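Here the structure comes first, spelled out in structure tokens, and everything after it is commentary.
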Amino acid sequence: MTLPEGHPLRDGRTTHSPLIAAYRSQVPSRQPVWFMRQAGRSLPEYRALRRGVSMLDSCLRPDLAAEITLQPVRRHDTDAAIFFSDIVIPLKLAGVDVDIVPGVGPVLSEPIRTLAQVRALPELTDSAFEPIREAVRLTVAELGSTPLIGFAGAPFTVAAYMVEGRPSRDHLGPRTMMHSAPEAWDALAHWAARASGAFLRAQVEAGASAVQLFDSWAGSLGLEDYRQRVAPASALAFDAVRELDVPRVHFGTGTSELLPAMLEAGADVMGIDYRLPLDEANRRLGGRTPLQGNIDPAYLEAPWEVLEAHVREVLKRGSAAPGHVLNLGHGVPPETDPSVLSRIVELAHSLEPGSAHRDPGVEP
Ligand code: CP3
């Protein structure tokens, strides 16, 4: 199975974009930059569109999801759009009773804790993803040469919500289940992997030029638990798009110690949170993997001079890697002044990718 005819990476629309070039360790025509959670509450135009519409409904209305996805690209001139959706959308489409409670996050009416409950989970049908494919088609038709990034939650992060039934701080529920009920855990992680894999695949087939798997809560895991109980399921989710040959980004937070294991799970690019400088991440990963990150969101409210120095430092350290896409080290906080994000994009685009940050006395 290859990309369908008319896909932006097949007809060449996005093939030479700065994002795809950096993801493929090629020299981009300008420094690519986008922001996790770039669509959302920091934008007044988003808040206006969302008025009176629930989060999940806005994800499942293709016209709304497409428009919200496009808003930050128009405003900031980012080098990618990230599809507006949520990691629990596949659960919702499968028929699981889940909602996103404002200010809280995903909440399930029935937490999944036993093997019997896992076995009773509905399997997703491909047709369930039609609203997603339609939203992606509408978005890509407007984006032209700017790539759309599709995404899904990694099995651990999705299963953490399913086991706890709501957000939690230390994810003790899923981490306990791995050891107290390993068969139930593995079955749940594999269910979540099939759901997230199908979600990624629907987005790529409809026109996404890259994918990102968010394992936001993997940082709560020890390395051995990650390798044995989590990485195989994440690999399965990535496998769903392997033969489509789009760049695959793997991102988590608090994952400095897990980076090599996360790379082995099947990523082409590693997303790095704000805790680890990019040159050190590059060293830990063996120097062969393009990186994405990692402006600390805590700098977004600092005076511009302080933020600018930080962004330049991130770019300098990122130039150690074979490719670097500038991003935050986690999502845009809702209270962020969006003009600050536009200014970061302007700064990144004004600098020559990679070389401008090398020591002027040293030839590459
Ligand atoms: O990055 C983007 O712009 C694309 C959209 C996107 C959303 N969720 C939209 C959203 C993405 C990539 C996600 C992924 C997601 N969802 C993750 C992984 C990324 C991360 O931030 O670590 C996680 C853990 C979730 C689960 C989730 N959904 C949480 C914790 C929340 C916040 C709850 C709140 O109100 O504070 C959501 C809701 C959500 N998903 C919002 C958005 C824009 C906020 C809803 C709103 O605007 O009312």
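Please give me the summed charge of the neighbours of Pro303: other residues whose Cβ is under 15 Å from its Cβ, Lys and Arg +1, Asp and Glu -1. Show your work: numbers first, answer last.
Working: positive: Arg312, Arg343; negative: Asp296, Glu301, Glu305, Glu308, Asp337.
After counting each charged neighbour, the total is -3.
As a check on your grasp of the helix formula, calculate [θ] at 222 nm for the chain: sum -39500 (n - 2.57) over DSSP H runs of n ≥ 4, divide by the residue count, round to the nearest 500.
It lands at -12500 deg cm²/dmol.
So, R0 is 35 Å and r is the distance between the beta-carbons of Glu183 and Ala141; what FRET efficiency does that work out to, to 0.05? Write down the numbers at each step before the final one.
On the way: r = 45 Å, r/R0 = 1.30.
It comes out at approximately 0.15.
To the nearest 20 debye, what charge dipole does the chain have about its Cα centre, counting +1 at the Cβ of each Lys and Arg and -1 at the Cβ of each Asp and Glu?
The dipole magnitude comes to about 40 debye.
Tell me the accessible surface of Ser256 in square angstrom (1.4 angstrom probe, heavy atoms of protein chains only), to the nearest ten.
20 Å²
Enumerate the helices in the chain for which the Kyte-Doolittle hydropathy averages -1.0 or more and the C-alpha atoms extend at least 27 Å along the helix's axis, using complete DSSP H runs. The partial results should precede the final answer.
Working: long enough: 182-206 (36 Å, 0.00).
Answer set is 182-206.
Using 0.36 nm times the number of residues separating Ala116 and Arg24, minus their current alpha carbon distance, what extension gain do you get?
Values: separation 92, 0.36 × 92 = 33.12 nm, distance 4.33 nm.
Gain on stretching Ala116 to Arg24: 28.8 nm.
Leaving out ligands, DNA and RNA, and with a 1.4 Å probe, what % of the accessible surface on the chain is carbon or sulfur?
On the way: 7280 of 14620 Å².
Whole-percent figure for carbon plus sulfur exposure: 50.
How much net charge surrounds Thr114 when only other residues with a Cβ under 15 Å from its Cβ are counted (Lys, Arg +1; Asp, Glu -1)?
Details: positive: Arg113, Arg119; negative: Glu110, Glu164, Glu183, Asp186.
Charge balance in the 15 Å sphere: -2.
Calculate the FRET efficiency for Thr2 and Arg288 from the Cβ-Cβ distance with a Förster distance of 22 Å, rounded to the nearest 0.05. Spell out each step's value before the answer.
Working: r = 25 Å, r/R0 = 1.15.
The value I calculate is 0.30.
Ranking request for peptides 149-160, 234-245: highest mean number of other beta-carbon atoms within 10 Å first, then the rest in descending order. Please list the in-between numbers first.
Numbers: 149-160: 27.8, 234-245: 19.7.
In decreasing order of mean packing, 149-160, 234-245 become 149-160, 234-245.
If you add up the charges near Thr15, with Lys and Arg at +1 and Asp and Glu at -1, over every other residue whose beta carbon is less than 13 angstrom from its beta carbon, what do you get?
Working: positive: Arg10, Arg13, Arg24; negative: Asp11, Asp245.
Computed value for this residue: +1.
For segment 73-198, give the magnitude of the charge dipole about the Cα centre (Cβ charges: +1 Lys/Arg, -1 Asp/Glu; no others), in debye to the nearest 20. Present the calculation step by step, with values, prior to reporting the outcome.
Working: 11 positive and 15 negative charges, 33 e Å.
With only Lys, Arg, Asp and Glu charged at Cβ, the dipole is about 160 debye.
By DSSP, what percent of the beta bridges with both residues in the chain are antiparallel, rounded to the nearest 5?
Working: 4 of 27 bridges.
Around 15 percent antiparallel, to the nearest 5.
The values are calculated or read from the model by the stated rules, or taken from the named source; none is laboratory data. Because the structure is predicted, anything quoted here is derived from the model rather than measured. Cβ sites come from the backbone with ideal geometry, for glycine too, and all protein chains shown count toward neighbours. Protein only, heavy atoms only, side chains kept; ligands, DNA and RNA dropped before computing areas. Shrake-Rupley method; radii C 1.70, N 1.55, O 1.52, S 1.80 Å.
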